[in-house]
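I have placed the structure first, in the form of C-alpha cells, so that the comments after it can refer back to it.
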Amino acid sequence: MQFDGDGSQLMPNRKHRGDMPAFLNGIVSGSGIVLKALVNFVLPQASGAREAAASLRRQTPAKMYAPDLHRDLPLFVLGGPEGAFSDCVAWIEDQGLQPRWLSQLPQGAGLADLPRSTMLLVDIDFLGGIVRVIDQLIELRRQRRDIIVILMSTEFGRHTLDQTRLAVADVSLRLPCSFASLELALTEAELNNDVWRQRELQR
C-alpha cells in the first residue's frame with residue numbers, strides 16, 4: 001500500500017495491484033477503465049504535486065508574527081546539531097535572531113555569567129533524558145529565576161505551556177513540533193517566567 005505524507009492511505013497503483021481487495025482487483029482487471037486510469041495516473045500525479053508543495057514549504061522559511069518580541073532577549077540553545085531540535089533553532093535563525101550554543105547546562109560561575117532575562121532552549125534528549133538532569137534544572141531555576149527556560153524532548157507526552165512545571169521550566173515542547181507551537185511557546189515562556197519571578201517576591 002502507498003501512504004501520503006500525512007499518513008492517509010492512497011489507492012494502490014499498478015505496481016501494487018496485488019495488494020488490493022479482491023473486489024477492487026477484479027474491477028481494475030476487468031472493465032473498470034476509469035478506475036484504472038485513476039489508480040495508475042491521477043492519484044500518483046496528485047501525490048507528486050503534494051510532495052512538491054511540501055518541498056516548497058520546507059524551502060520557504062516560516063515567519064514569526066512578532067519576532068521583535070524576542071529580539072532583545074539573549075538567546076542560548078543547548079542540544080544536538082541534527083534532528084527536530086536543530087530544526088527549531090534553524091527556524092529561529094530564519095527570523096534574524098542569533099542564538100548562542102552551549103555544550104552543557106550552565107552551573108556555578110557559568111550560570112551567574114548569563115545575561116539577565118536570558119532565554120534558554122534545552123534539548124533534553126541530547127542530555128540523556130529528563131531524569132538525568134532534573135536536579136540541575138531545579139537548581140538552575142532556584143538560583144536564576146530570571147532565566148526563561150524552554151525544555152524540548154521527544155519523550156514528553158504533550159506540550160505544556162501552562163504554569164504547572166514552573167519549578168523545572170517555563171514551558172515544555174514535545175518534539176517534533178510545528179513552527180506555530182514553537183512561536184507560541186516562546187511567548188508563553190516569557191509570560192510564565194513573569195509569574196515565576198513574582199512568586200519569589202511574594203515569599
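Within the range 69-127, restricting attention to residues that are of a type in the set (A, V, I, L, M, F, W, C) and in a loop (DSSP other than H, G, I, E, B), the residue that is farthest from residue 139 (Cα to Cα) is 97. Is it true that some residue in the range 155-165 is modelled with pLDDT under 95, aliphatic (A, V, I, L, M) and more than 13 Å from the chain's Cα centre (by Cα)? Looking through the range 155-165, none of the residues is modelled with pLDDT under 95, aliphatic (A, V, I, L, M) and more than 13 Å from the chain's Cα centre (by Cα). When each of 127, 111 is tested for being of a type outside the set (Gly, Ala, Ser) and in contact (Cβ under 8 Å) with a residue 40 or more places away in the chain, the lone residue that passes is 127.
Filtered by the rule that a residue be of a type outside the set (Gly, Ala, Ser) and surrounded by 11 or more Cβ atoms within 10 Å (Cβ to Cβ), the range 116-128 gives 118, 119, 120, 121, 122, 123, 124, 125, 126, 127.
The values are calculated or read from the model by the stated rules, or taken from the named source; none is laboratory data. For clarity, every value in this text was computed on a predicted model and none was experimentally measured. Cβ: placed from backbone, ideal geometry, glycine included. Neighbour counts: every protein chain shown.
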